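So the structure is just underneath, and the comments pick up after that.
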Amino acid sequence: MDENKEFELNLSDETQQMLEQYAEKQGSTPEDVAEYIIYEFLRNQLHVIEKRSEETGVPVSELVNIQFSKILTFLMHKDH
């Protein structure tokens, strides 16, 4: 798989709000937090997400967005 493969991140309003809250709490920007999640977590999971997409017929971008939200939720609760 191409590690530099691009995917579109379309966050729900709820996830976007969580991202903004988490970034503010961390003294960062939403863009930096999103980049951190993509490079530290999602990039390594893309091959699994793509396989899951093939198996379920759910678009890769939708699965990526779901996983992004799960990771963000994990990070928010981990820091409590």
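Largest first, how would Ser61, Ser53 line up by accessible area (1.4 Å probe)?
Listed by decreasing accessible area, they come as Ser61, Ser53.
Any chance you could give the angle, 0 to 90 degrees and rounded to 10, that helix 43-56 forms with the longest Cα principal axis of the chain?
Rounded to the nearest ten degrees, it is 50.
Roll a 1.4 angstrom probe over the protein heavy atoms and tell me the percent of accessible area of segment 28-79 that is carbon or sulfur.
The value for segment 28-79 is 52 percent carbon and sulfur by accessible area.
In square angstrom, what is the accessible area per residue of the chain with a 1.4 angstrom probe?
I get 70 Å² per residue for this part.
Percent relative contact order of the chain, based on C-alpha pairs within less than 8 angstrom and at least six residues apart?
38
The values are calculated or read from the model by the stated rules, or taken from the named source; none is laboratory data. Since this is a predicted model, take the numbers as computed values, not measurements. Keep in mind that these areas ignore ligands, DNA and RNA; they rest on the heavy atoms of the full protein, side chains included. Shrake-Rupley method; radii C 1.70, N 1.55, O 1.52, S 1.80 Å.
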